[in-house]
Amino acid sequence: VIMLVAFILVFVPLALFSLDTQRATFRNYAHSVATQKELISSIVLNATQWVLLEASKSVEQAVFVGIVEPPDRAVDTLTGAIRMSRSRDGWDFTSALQRRGLAHRAWEELNNQWTCTQLNNNLCSGRALSLYAALDEEEIMGAAFRPSYWAQTLAKEAPFLLDAPASKGRSTNLSVYEAHPQHGARGEFFVSRPIRPTQMPFYLTQVKLAQKAMLASATGNIAEMRAEAKLKKMWSPVYLFHPWWEGENASSGGQLALSWTTPLAMCGNYSCVDGVVAADTTLDLVSYELALAWYRLQSNLLGAPWSFELSEQNSSIFIVKQMAPMFPEQEGLLIGASDF
């Protein structure tokens, strides 16, 4: 009996202590596993967020370099050429010869963009589709490049020169000529159609800015007047673009496009605007850049630690116009998507 009591007094507390220790160990182990799981999940989540953030930065950079910068460089080039020409006596572009010279200058800028081979630098960042100037009496002068398969590839195919004489207050006649692919000289007549440049989206964009400047001048607010009077570059609204090289009865249906615009004003403000310089880009080029970004993201997520297969059924990269103060009716408009 004494031995039994001694056994109980010695070993039962020891067993209970051992059991408590084991339970505490299991609890600490479970907590440790949970902590490690949470840490790993956090690391993977942070890494995933980093990959997605890099993908969005890549999209932003690609859109700027491939879509925004080329038209901007193009309109700067043609605006400078027009400013230089206007500094000479008698240069008002009523002369077909004067317009022809500016059209060739537009061809030179586009040709530099379309034939540049040193990609991924500031001088070979992308391609504007067309570049031109329109004056308030309906004159047009410029150039356009048509891809080999319209809306399917960026390959160079056919350059054109554009010309339309003055026809104030009514439609003018746009004449499109083939341009020599090597030096841009005007070649054979290609097509013509009636056109009213001052009623087209690219021109009306700058008209709207000029009207805002006039309204600001009526308020008497000096700061607002100065801000609105300052000449501004601006994207047109998205519109249905009928290629310059198509005739009046063309059946392509057009393409959704944007035009990057800048005003012509010798006085330096909106009080004397008498024309607009614009460069066009189509939204299929935006979707093209988004598709390239999506393929890069797909490749990244296939590797460790994600091993996740991205597909068109579970993902898309897209751009939506979130703010459009000039054209509020286009807020929420889908500009491009990787699966288009």
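The values are calculated or read from the model by the stated rules, or taken from the named source; none is laboratory data. Since the model is a prediction, treat every value here as computed from it, not as a measurement. No Cβ is skipped: glycine too gets one built from the backbone with ideal geometry, and neighbour counts run over all protein chains shown. Ligands, DNA and RNA are excluded from the accessible area calculation, which covers all protein heavy atoms including side chains. Shrake-Rupley method; radii C 1.70, N 1.55, O 1.52, S 1.80 Å.
Quick notes
- Three-way shape call for the stretch 222-304 based on the alpha-carbon gyration tensor, with the a/c threshold at 1.5: oblate
- A simple count of charges around Thr77, restricted to other residues whose Cβ falls under 12 Å of its Cβ and scoring Lys, Arg +1 and Asp, Glu -1, yields -1.
- Relative contact order %, the stretch 183-309, counting alpha carbon pairs below 8 Å whose residues are six or more apart: 22 percent
- Here r is the Cβ-Cβ distance between Thr219 and Cys267 and R0 is 22 Å; the resulting FRET efficiency, rounded to 0.05, is 0.60.
- Summing Cβ point charges (Lys, Arg +1; Asp, Glu -1) relative to the Cα centre of the stretch 264-322 gives a dipole of roughly 180 debye.
- Ordered by 1.4 Å accessible area with all protein chains kept, Arg186, Arg99 run largest first as Arg186, Arg99.
- Selection among Thr219, Pro237, Pro194 by position relative to the dipole of the stretch 194-261 gives Thr219 as farthest towards the positive end (Cβ unit charges, Cα centre).
- Cα gyration tensor shape for the stretch 192-340, rounded if a/c is under 1.5, else prolate or oblate: oblate
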